[in-house]
Amino acid sequence: MTFEQLELIEPIQMALKERKYTTPTPIQAEAIPIVLDGLDLLGCAQTGTGKTAAFSIPILQRIEKQILSEDRPGIKALILAPTRELAIQIGESFAAYGCYTHVAHTVIFGGVGQKPQTDALNRGVDVLIATPGRLLDLINQGFVRLNTLEYFVLDEADRMLDMGFIHDIKRILPLLPKKRQSLFFSATMPPEIERLAGTILHEPKKVEVTPASSTVDTIDQSVYFVEKVEKIDLLKKLLEDRSLESVLVFTRTKHGADKVARVLNKSGIGAEAIHGNKGQSARQRALSSFKDHTLRVLIATDIAARGIDVDHLSHVINYDLPNVPETYVHRIGRTGRAGHSGIAFSFCDVEEVPYLKDIQKLIGKEVPVAGGHMFESAEVKEAVAEMKKAIKEKSKRRNMFGSKRDGNFWRNKKRTAAK
């Protein structure tokens, strides 16, 4: 399938051709016709699958047709995003795909002065992209009215939940017109997210592309067993290889991100940290430098990394393994996008062995071990071996006795006793 087969209007076709976009990703091919038909959508897709275009393109088309036939003033579409970086990225997508349309959009988020944002709102916008906190603030001040809304998008719903925005969302929902088209996107679908989707969507069509429990096949994954104190030396050693052209490094904490960036810079390796304590201008400067490849190494926390969309990101390095296995999938999904290959390295110290176990259980396979490096930890290797032995023994016992709900369990138990 090509974009031309999706019956898109000429202004959007022109914008896509300028960017040499010819073939939609699976979620774009499935979602765009659903949205164009005016139906609610529940989209489950991991990062890097092209879901921003899956909702921005059809929303632009529907609003453009409305503007040309009957231009009613007021906000027509609201897109909620969990972070300013993601909100900005979504805004860039609307600017790119809608550059030949009459659709006006703006982005609002906290951490910066509100006047440029309120000025844009006063001029009039068709599409509003917002983070929940700033949106509620401007609603309370009277700058935002949602009575004309026709399209509502909740993006990265699982991250909204993780970041504690669920209460803000529940405050926003009653302010929306009941008659609207709603689109709901999440990389994972835990019960809380499904319940939230049930309150937002009406008889939705479901699009599921690459379940969150699987990792992109084009990503080459490996794990390095290393002592915690030697992680920084291993990182410096790996970065000596200039084939690591564009590297996103994940740390667990903001302090850790700053420390890693500081040590790398002292070693002559240019790096910047990006996290919630950084000012918006500093974050955007670092992100822009990383996107245009003038900055080779970016250190980030998970929350700050949402919205980082870099063409040809060659490597992701998990300096700290995440304690939530789904987060691992989100992280490594920053590379290997749009059919490109990618590489993901993970550092694992002895305390992180249980995290590695959970990750491998989620993705359904073992992450290959990068052995023989100069910082390899015998203690971690031993801990992993013990973990594998315990898993094998548990599996062996399960196969021997079966489940307690299984009649074979009791039959086997009686046979064992008889012997």
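Just so you know, all these numbers are worked out from the coordinates, no wet-lab data involved. Keep in mind it's a predicted model, so treat the numbers as computed, not measured. Ideal geometry is used to build each Cβ from the backbone, glycine not excepted, and the neighbour counts take in all protein chains shown.
With only Lys, Arg, Asp and Glu charged, each at its Cβ (+1 for the first two, -1 for the last two), find how big the charge dipole of the chain is about the Cα centre; round to the nearest 20 debye.
It works out to roughly 1620 debye.
How big is Rg to Rh over the chain, alpha-carbon atoms, Rh as the Kirkwood inverse-mean-distance radius?
Rg divided by Rh gives 1.03.
Would you mind listing how long the stretch 219-376 runs along its three principal axes, going by Cα atoms, in whole Å with the largest first?
39, 33, 29
Under 10 Å, Cα contacts only: if you run a Gaussian network model on the chain, which one of Arg296, Arg331, Arg134 comes out with the highest mean-square fluctuation?
The residue that fluctuates most here is Arg134.
Could you give the dipole magnitude of the stretch 23-121 about its Cα centre, charging the beta-carbon of Lys and Arg +1 and that of Asp and Glu -1, in debye to the nearest 20?
160 debye
Considering only Val223, Val329, Gln284, whose Cα is most displaced toward the positive end of the charge dipole of the stretch 217-331, charges sitting on Cβ of Lys, Arg (+1) and Asp, Glu (-1)?
Gln284
Cβ under 12 Å from Ile63's Cβ, Ile63 left aside: what net charge do those residues give with Lys, Arg +1 and Asp, Glu -1?
That works out to -1.
Given the stretch 32-117, report the % of alpha carbon pairs whose separation exceeds 16 Å.
59 percent
What is the fewest-to-most order of Asp241, Asp155, Asp168 by other Cβ atoms lying within 10 Å of their Cβ?
Placing the least packed residue first, the sequence is Asp241, Asp168, Asp155.
Return the Rg/Rh ratio of the stretch 175-267 with Cα-based radii and a Kirkwood Rh.
With Rg and the Kirkwood Rh in hand, the quotient comes to 1.16.
Calculate, axis by axis, the spread of Cα positions in the stretch 345-395 along the three principal axes, and write the results as whole Å, longest axis first.
Computed over the stretch 345-395, the largest-to-smallest principal extents equal 34, 20, 18 Å.
For the stretch 122-226, compute Rh as the Kirkwood radius over C-alpha pairs and then the Stokes-Einstein diffusion coefficient at 25 °C and 0.890 mPa s; write the answer in µm²/s, rounded to an integer.
For the chosen part, D equals 153 µm²/s.
Helix-only estimate, please: 222 nm mean residue ellipticity of the chain, summing -39500 (n - 2.57) across DSSP H runs of length 4 or more and dividing by its residues, to the nearest 500.
Counting only the DSSP helices, I get -13500 deg cm²/dmol.
When the dipole is taken about the Cα centre of the stretch 93-214, and only Lys, Arg (+1) and Asp, Glu (-1) are charged at their Cβ, what size is it in debye, to the nearest 20?
Using Cβ point charges on Lys, Arg, Asp and Glu, the stretch 93-214 gives about 400 debye.
Report, in listed order, any pair from Lys20/Lys76; Lys206/Lys291; Lys236/Lys361; Lys231/Lys389; Lys76/Lys179; Lys365/Lys388 with a Cα-Cα distance greater than 23 Å.
Going by Cα-Cα distance, Lys20/Lys76; Lys206/Lys291; Lys236/Lys361; Lys231/Lys389 fall outside the 23 Å limit.
What angle, in degrees between 0 and 90 and rounded to the nearest 10, separates the Cα long axis of helix 378-401 from the longest principal axis of the Cα atoms of the chain?
That helix lies at roughly 90 degrees to the long axis.
Find me the longest stretch of the chain that has none of the exposed GluC sites (Glu not before Pro), where exposed means in a DSSP loop (not H, G, I, E or B) with at most 15 other Cβ atoms within 10 Å.
The reported range is 71-239.
For the stretch 3-209, what does the equivalent ellipsoid look like in terms of its semi-axes, each the square root of 5 times an eigenvalue of the Cα gyration tensor, given largest first in whole Å?
24, 21, 16
Taking K and R as +1 and D and E as -1, what net charge do the other residues with C-beta under 10 Å from the C-beta of Ile139 add up to?
Residues close to Ile139 contribute a combined charge of +2.
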